[in-house]
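Comments concern the structure below.
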Amino acid sequence: MQGARGIREFVAAQAPLYARDPNFAAPPDFYAARRLDPAREPFWAHAERGLFVARRGRRVVGRVAAIANHLHNGTWHDRVAFFGLFDCEDDRQAATALLDLAGRGP
């Protein structure tokens with residue numbers, strides 16, 4: 001998912017996953033979107049990310065972000081990537097598919 005539309009779709013994917021959890025308090029969408037925007041968040045000057053949303057039909061079943069931090073890799077002479085913002089229904093197939101995508105990197 002790329003661009004502003006991809007960011008909005010990724011951010012919006014979280015709400016349906018927690019719709020029935022009375023204890024979940026999501027960060028405001030504008031804040032979450034800003035943190036993922038390469039033009040507004042300084043972290044992305046030395047990193048890249050891939051945003052993935054899993055659906056079953058039209059229903060969102062999960063999401064994950066794959067992150068390559070080039071500053072980290074250059075400093076520590078690593079070739080690693082990270083994943084985060086992982087939210088998923090209790091669905092092994094969806095979780096496996098999302099983590100496989102994240103494992104391929106951004």
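The values are calculated or read from the model by the stated rules, or taken from the named source; none is laboratory data. This one's a predicted model, so the numbers in the text were calculated from it and none came from an experiment. Note that each Cβ is placed from the backbone with ideal geometry, even for glycine, and that neighbours are counted across all protein chains shown. For the accessible areas, the whole protein counts, side chains as well, though only heavy atoms, and no ligand, DNA or RNA atoms are used. Shrake-Rupley method; radii C 1.70, N 1.55, O 1.52, S 1.80 Å.
Quick notes on this one:
- Selected residue (criterion: nearest to residue 13 (Cα to Cα)) from residues of segment 74-104 that are charged (D, E, K, R) and surrounded by 10 or more Cβ atoms within 10 Å (Cβ to Cβ): 87
- Restricting attention to segment 13-23, the residues that are part of a loop (DSSP other than H, G, I, E, B), hydrophobic (A, V, I, L, M, F, W, C) and open to solvent by less than 70 Å² (accessible area, probe 1.4 Å) total 1.
- From 95, 13, 47, residue being touching a Cys at 6+ places or on another chain (Cβ under 9 Å) and either β-branched (Val, Ile, Thr) or modelled with pLDDT of 95 or more (or both): 95
- Any hit, segment 31-49, residues being within 13 Å of the chain's Cα centre (by Cα), in contact (Cβ under 8 Å) with a residue 24 or more places away in the chain and in a strand (DSSP E or B): yes
- Residue in segment 26-49 that is touching a Pro at 6+ places or on another chain (Cβ under 7 Å), on the phi < 0 side of the Ramachandran plot and open to solvent by less than 70 Å² (accessible area, probe 1.4 Å) present: yes
- Criterion violated by residue 6 - all others in (1) within 10 Å of the chain's Cα centre (by Cα); (2) open to solvent by less than 60 Å² (accessible area, probe 1.4 Å) satisfied: (1)
- Failed item in (1) modelled with pLDDT of 95 or more; (2) among the charged types (D, E, K, R); (3) open to solvent by 30 Å² or more (accessible area, probe 1.4 Å), with residue 63 passing the rest: (3)
- Residue within segment 64-84 that is farther than 14 Å from residue 106 by Cα, touching a residue at least 24 places away in the same chain (Cβ under 8 Å), in a strand (DSSP E or B) and not charged (D, E, K, R) present: no
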